[in-house]
Amino acid sequence: MRTNSPQRVAMFANPISGSGRGAAVARAVERELRRDGVEVVPHLARPREAPFGADGFDALVVVGGDGTLRDVVRWAMSSAPATVGQTFLSVPERTPGLQVPILLVPMGTANLMGQCLGLPWSHGANLDALADALRAGHTAQLDVAATDDDLVLMVLGVGIDAAIVRALHLVRSGPISKASYLLPSLRAAMEYDYPPLTVCVDGSAIWADRPAMVFVGNVSQYGTGFPVCPLARPDDGLLDVCIVPADSLEETVGWFLLAAGGAHVGCEGVLYARGSRIVIDAPRSLPVQIDGEAAGFSPVSVSMTRMKLPMVVASTISFPSATMPRPHMP
């Protein structure tokens, strides 16, 4: 928690988020903060194109979806001095994470981070509450995971879900909605052949050479709000791993219907574990998604770092602990 109200903030906005309402909401947020006496430096373009660094600001305001948030966090963490060739996994050796808190105005399709934090100003609503929260300075210190070359704030996945995200990425040309996933989902359903996967947690193989969907979660929800890792806490220093067996479209649909209510965990065949380093591999390269965006191909290794991400919240927040289910080992 800060002791002084912010005087100067940088505001990043994705103008096409929220079905094209991102720019208008960003202007409304800027007016609200300026009325509160805050100096706002707006940047309505990609964070990496910003003509300034994160230093010198009391907070960073992000108007956009989960992808915009990850872009800003990646920019802010990479803007600190680093040696050439340094990866995100080596960054925590020299920094505990961001020193500047981030206030998110969720404007995306899923808004997983906004749901996780219970933010009441999604899509530009309750801007007075937003200004109050920035002034009060309540923050949640969230964990940050990383692959060799990218950050993972929420969920990493390998399986048909990542194939759908990849299919959308190949045709996406502007703002998306839930309906945007229809054709990519049909394409993935026709083309995905459910190859076997191998999953290792902290050096031990817990799943070997069997078809599955794998979700590595720092938060509980994914997609349109499915609690695929319902026991995940974003501040416990661990990654939750949920492995769901699936070798056909019919089986996949059945599991997603169960997952919609979080009823899949504990079912026979589903494996749930926790660890600090997860490696996912397959006989051939498979699409990987990170935080709902296409992120290359397997094999992929994701590890919890020592970095922390300070996110502004409406009030002091604590994440409930949950008992791990008894594992059904394959």
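Reported count of residues in the stretch 263-317, each being closer than 25 Å to V61 by Cα and not in a strand (DSSP E or B), is 7. You will find that of A110, A50, A54, the residue that is more than 28 Å from G237 (Cα to Cα) and either in contact with a Lys or Arg (Cβ under 8 Å, 6 or more places away or on another chain) or modelled with pLDDT under 90 (or both) is A50 and no other.
When restricted to residues that are within 19 Å of A24 (Cα to Cα), among the small types (G, A, S) and not in a helix (DSSP H, G or I), the stretch 96-135 contains 2.
The lone criterion from (1) at pLDDT 85 or above; (2) not in a strand (DSSP E or B) left unmet by P327 is number (1).
Please work out if A59 is of a type in the set (G, A, S), closer than 23 Å to G137 by Cα and modelled with pLDDT of 90 or more. Here the answer is yes, as A59 does meet what is asked.
Here V244 does not qualify as closer than 17 Å to D148 by Cα, aliphatic (A, V, I, L, M), modelled with pLDDT of 85 or more and outside any loop (DSSP other than H, G, I, E, B).
Within the stretch 45-66, how many residues turn out to be surrounded by fewer than 17 Cβ atoms within 10 Å (Cβ to Cβ) and assigned to a helix (DSSP H, G or I)? Number satisfying all stated conditions: 2. Is one or more of the residues making up the stretch 82-96 at pLDDT 90 or above and farther than 19 Å from I16 by Cα? Checked the stretch 82-96: no residue is at pLDDT 90 or above and farther than 19 Å from I16 by Cα.
One line per residue, one yes/no per condition, for (1) touching a residue at least 60 places away in the same chain (Cβ under 8 Å); (2) among the aliphatic types (A, V, I, L, M); (3) in contact with a Gly (Cβ under 7 Å, 6 or more places away or on another chain):
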residue: G203; (1), (2), (3): yes, no, no
residue: V219; (1), (2), (3): yes, yes, no
residue: D236; (1), (2), (3): yes, no, no
residue: I243; (1), (2), (3): no, yes, no
residue: A259; (1), (2), (3): no, yes, no
residue: V265; (1), (2), (3): yes, yes, no
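Considering G254, G292, G266, G262, the condition of being at pLDDT below 90, outside the structural domain of R135 (by TED's automatic domain parsing), crowded, with 21+ Cβ neighbours inside 10 Å and not acidic (D, E) is satisfied by G292 alone. What do you reckon, is A314 crowded, with 17+ Cβ neighbours inside 10 Å and farther than 27 Å from Y192 by Cβ? So A314 passes the test.
The values are calculated or read from the model by the stated rules, or taken from the named source; none is laboratory data. Since the structure is predicted, the reported quantities are computational estimates derived from the model, not experimental observations. Because the Cβ atoms are built from the backbone with ideal geometry, glycine has one as well, and the counts that use them run over all protein chains shown.
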